[in-house]
Amino acid sequence: MKENKIKIACYGEVLWDIFPGGQRRIGGAPFNVAYHLSRMGVEAYMISSVGNDDLGNELLEKIRSWDMSVSGIQVNNQYPTSTVIASIDENNDAKYDIVQHVAWDYIETRPADLNLLTETDALVFGTLAARTEKSKNTLFELTEASNYNVFDINLRPPYYDIHLIKDLLHMTHLAKFNKAELRMMLDFMGKDYITEKDSIKYLQDAFGLNEIIISKGSKGALYAHGDNFYLYPTVSVEVKDTVGSGDSFLAGFLSKRLETGTTAHQIMHQAVALGAFITAQEGACPEYSLGEFTTFRDQHQISALPL
């Protein structure tokens, strides 16, 4: 029998982002989601792998210091802990050079993880960790075991293919795209873009998807739940950097979406507020408390926009 606390598993890459000047920060889109879920009071469980090396040990120690479980993070004796060379352009957007053949490319399927998914409320994943056959096969086994699959498309050229994306979408309950990814998906499908609403309905029908989120950066976000559409503006802040803003948005969304009895307004307010709160700070996983965030959220009330 489940406890009342929300439990969410996140699958895929956990790594060190190396920034200009040599500064090192923990990253990886699914880990960023797990970090912010943990900050929201969710029991977040990361399924990944690090190398049996100093960087892996340091990464695990840092995660433990945040009171997050590392029991789902495997230690690989053959492949190293992942590092990504990050650069920031003139628009404060991050670009990444993602090193291949690292530990999370070879995540094993473990009975403990499959069993855990029978007790969790959601499984969050993207496309990057499926760039190798090993981790892709593990992902498909996990999605089979999960009752609520959340696909954060998060395309990282050239590490994806349309057949993989289609296969994953057929197993997905909630999919998140940004504006560019929505257009790319329609191109893949040979569908002309008419409107966002038309595009979302097309994808819902094509993949049996009940829920879709479109993140629109400074223009907010659109949430479709069946035939209901909810468009919300972003919260205005002074942007420090946009690294991990989409991941924090998703964590804010899920932390409310999986609560009992919440409304679409509460869900979207939490999501856009957390995204804004993180862009106003440096790094994808800044230190903050749930109290600090809720104070910020409650000071920044928003209303739905007309569609």
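A few notes on this one:
- Rounded FRET efficiency, nearest 0.05, which uses the C-beta distance separating Thr262 from Leu164 and R0 of 35 Å: 0.60
- In the chain, the portion of solvent-accessible area held by carbon and sulfur atoms comes to 46 percent [1.4 Å probe, whole percent, DNA, RNA and ligands not counted].
- FRET efficiency for the Val99 to Lys191 pair, using the beta carbon distance and R₀ = 35 Å, is estimated at 0.50.
- Structural descriptor for the range 41-173: relative contact order 19 percent, calculated from alpha carbon pairs under 8 angstrom and at least 6 residues apart.
- In the chain, Cα pairs under 8 Å separated by at least six residues give a relative contact order of 16 percent.
- For the options Asp113, Asp198, Asp121, a Gaussian network treatment of the chain with springs between C-alpha atoms closer than 10 Å singles out Asp198 as fluctuating the most.
- Counting only trypsin sites (Lys or Arg not before Pro) that DSSP places in a loop and that have at most 15 other Cβ atoms within 10 Å, the longest clean stretch of the chain runs over 6-190.
- Entries of Lys95/Lys201; Lys134/Lys256; Lys62/Lys166; Lys5/Lys201; Lys134/Lys166 with Cα pairs more than 28 Å apart: Lys95/Lys201; Lys134/Lys256; Lys62/Lys166; Lys5/Lys201
- For Lys176, nonlocal amide neighbours, meaning residues 5 or more places apart or on other chains whose placed amide H falls under 5 Å from its own, are Phe151, Asp152, Ile153, Ile213.
- Here the chain is assigned +1 on the Cβ of each Lys and Arg and -1 on the Cβ of each Asp and Glu. Its dipole about the Cα centre then comes out at about 460 debye.
- The stretch between Lys179 and Gln301, if pulled fully straight at 0.36 nm per residue, gains 41.5 nm over its current Cα-Cα span.
- Among the GluC sites (Glu not before Pro) in the range 210-307, those placed in a DSSP loop whose Cβ has at most 14 other Cβ atoms within 10 Å are Glu238, Glu282, Glu287.
- Across the range 231-241, coupling constants 3J(HN,Hα) worked out from phi with the 6.51/-1.76/1.60 Karplus curve, θ = phi - 60°, read 10, 10, x, 7, 8, 6, 9, 7, 6, 8, 7 Hz, and Gly and Pro carry x.
- A crude spin-label estimate for the pair Asp54 and Asp227, with each label 7 Å from Cα along the Cβ direction, gives 6.2 nm.
- Each label point was placed 7 Å from the Cα along the Cα-to-Cβ direction; for Leu290 and Glu108 their separation is 3.4 nm.
The values are calculated or read from the model by the stated rules, or taken from the named source; none is laboratory data. As the structure is a prediction and not an experimental result, all values here were calculated from the model. FYI the Cβ positions are ideal-geometry reconstructions off the backbone, even for glycines, and counts take in every protein chain you see. Note: accessible area is taken over every heavy atom of the protein model, side chains too, but ligands, DNA and RNA are not part of it. Shrake-Rupley method; radii C 1.70, N 1.55, O 1.52, S 1.80 Å.
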